[in-house]
Amino acid sequence: MKRYEIFLVTLCIMSGLTCVAHAKTWTVDDDKSHIDFSGTQGNDRFYGGFKHFHIDIHFDPDHPETGKIMATIDMTSAFAGSPERDAALPQADWFNTKQFAQAQFVSTGIQWDRNPTTPTLRQNIGCYKIIGNLTMKGVTKPVIMPFCIAPERDYMHAKGVVTLMRNDFDVGKGQWAAPSFIKYEVRVMIDITAR
């Protein structure tokens, strides 16, 4: 703890005030971190993801309410498991990357998740819910993503899952607008390593 932090804590204790925790700034290891997704085409599950993204993390595991997380995703880096899908994703009917090259998630709150329903990590030290707004193709919708964290050597490992409806974000238009060929539900998985 730095000298000024010790001074502030001491001052709080002596004055009888409640000390407010400050969220730590984390550095994401890009080589070990992933944002992936899966969908259903016909009766088959397919998997994809994004090769490039940037995440700013300010987070104290003991005081999640002080945290702030912002993610910017390069939509031009999307892949979806086949040459045909990969070629279709940048087009106007899907991500329309010429007009909307990025998607962005900005948290508005982080809270404890005392009863996680998604798979937890081994030796996890806490599970949480990120509440925020996701903007994609010019459409902004509220999103809640559960996630859990666990220590991994000198890093922290976080995993989370959320199900989005692609039609909420105008993804899949024209002949793809109905869910008969590709289902509306898209499962997004985050796997982040940071320190």
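Need the failing condition index for Trp94 against (1) part of a strand (DSSP E or B); (2) crowded, with 18+ Cβ neighbours inside 10 Å, just the number.
(1)
Within region 46-75, how many residues are touching a Lys or Arg at 6+ places or on another chain (Cβ under 9 Å) and over 21 Å from Asn124 (Cα atoms)?
5
Going residue by residue through region 66-75, is there one that turns out to be aliphatic (A, V, I, L, M) and in contact with a helix residue (DSSP H, G or I) (Cβ under 9 Å, 6 or more places away or on another chain)?
Looking only at region 66-75, we keep the residues that are aliphatic (A, V, I, L, M), and these are 69-71, 73, 75.
Keeping just the survivors that are in contact with a helix residue (DSSP H, G or I) (Cβ under 9 Å, 6 or more places away or on another chain) gives none.
Among the residues of region 66-75, not one is aliphatic (A, V, I, L, M) and in contact with a helix residue (DSSP H, G or I) (Cβ under 9 Å, 6 or more places away or on another chain), which makes the answer no.
Out of all the residues in region 35-74, which are outside any strand (DSSP E or B), within 23 Å of Trp176 (Cα to Cα) and touching a Phe, Trp or Tyr at 6+ places or on another chain (Cβ under 8 Å)?
Gly42
Are any residues in region 71-109 β-branched (Val, Ile, Thr) and under 18 Å from the mean Cα position of the chain (by Cα), and if so, which ones?
Of everything in region 71-109, those that are β-branched (Val, Ile, Thr) and under 18 Å from the mean Cα position of the chain (by Cα) turn out to be Thr72, Ile73, Thr76, Val106, Thr108.
For region 103-112, indicate whether the set of residues that are without any contact (Cβ under 8 Å) to a residue 12 or more places away in the chain, under 22 Å from Trp26 (Cβ atoms) and not hydroxyl-bearing (Ser, Thr, Tyr) is non-empty.
Our first condition is that a residue be without any contact (Cβ under 8 Å) to a residue 12 or more places away in the chain; within region 103-112, this holds for none.
No: zero hits.
Just to check your reading of the model, which residue among Thr97, Thr72 is of a type in the set (Val, Ile, Thr), without any contact (Cβ under 8 Å) to a residue 24 or more places away in the chain, under 16 Å from Lys137 (Cα atoms) and touching a strand residue (DSSP E or B) at 6+ places or on another chain (Cβ under 9 Å)?
Selected residue: Thr97, the only one of Thr97, Thr72 that is of a type in the set (Val, Ile, Thr), without any contact (Cβ under 8 Å) to a residue 24 or more places away in the chain, under 16 Å from Lys137 (Cα atoms) and touching a strand residue (DSSP E or B) at 6+ places or on another chain (Cβ under 9 Å).
If Asn133 passes every condition in (1) within 16 Å of the chain's Cα centre (by Cα); (2) surrounded by 15 or more Cβ atoms within 10 Å (Cβ to Cβ) but one, which one does it miss?
That leaves (2) as the condition not met.
Could you please find all residues in region 159-176 being more than 22 Å from Thr72 (Cβ to Cβ) and exposed (fewer than 14 other Cβ atoms within 10 Å of the Cβ)?
Residues satisfying the conditions are Gly174, Gln175.
I need every pair where a residue in region 129-140 that is under 17 Å from Ile69 (Cβ atoms) has its Cβ under 9 Å from the Cβ of a residue that is acidic (Asp, Glu) and buried (at least 19 other Cβ atoms within 10 Å of the Cβ), sequence separation at least 6 or different chains.
Lys129/Asp113
Is it the case, given these coordinates, that Thr140 is of a type outside the set (D, E, K, R) and either under 24 Å from Ala194 (Cα atoms) or buried (at least 17 other Cβ atoms within 10 Å of the Cβ) (or both)?
Considered against the rule, which asks whether it is of a type outside the set (D, E, K, R) and either under 24 Å from Ala194 (Cα atoms) or buried (at least 17 other Cβ atoms within 10 Å of the Cβ) (or both), Thr140 comes out as no.
I'm told Thr76 meets every condition in (1) touching a Ser or Thr at 6+ places or on another chain (Cβ under 7 Å); (2) at pLDDT below 95; (3) polar (S, T, N, Q) except one. Can you identify the failing condition by its number?
Checking Thr76 against (1) touching a Ser or Thr at 6+ places or on another chain (Cβ under 7 Å); (2) at pLDDT below 95; (3) polar (S, T, N, Q), the one that fails is (2).
Touching a Cys at 6+ places or on another chain (Cβ under 7 Å) and surrounded by 14 or more Cβ atoms within 10 Å (Cβ to Cβ) - does that describe any residue in region 42-51?
No, that holds for no residue.
Name, by its number, the condition in (1) surrounded by 20 or more Cβ atoms within 10 Å (Cβ to Cβ); (2) more than 19 Å from Thr163 (Cα to Cα); (3) aromatic (Phe, Trp, Tyr) that does not hold for Phe100.
(1)
Taking the condition buried (at least 17 other Cβ atoms within 10 Å of the Cβ), aliphatic (A, V, I, L, M) and over 17 Å from His63 (Cα atoms), does Met156 pass?
Answer is no for this residue.
The values are calculated or read from the model by the stated rules, or taken from the named source; none is laboratory data. Just so you know, these numbers come straight off a predicted model, no measurement behind them. We place every Cβ from the backbone using ideal geometry, glycine too, and count neighbours over all the protein chains shown.
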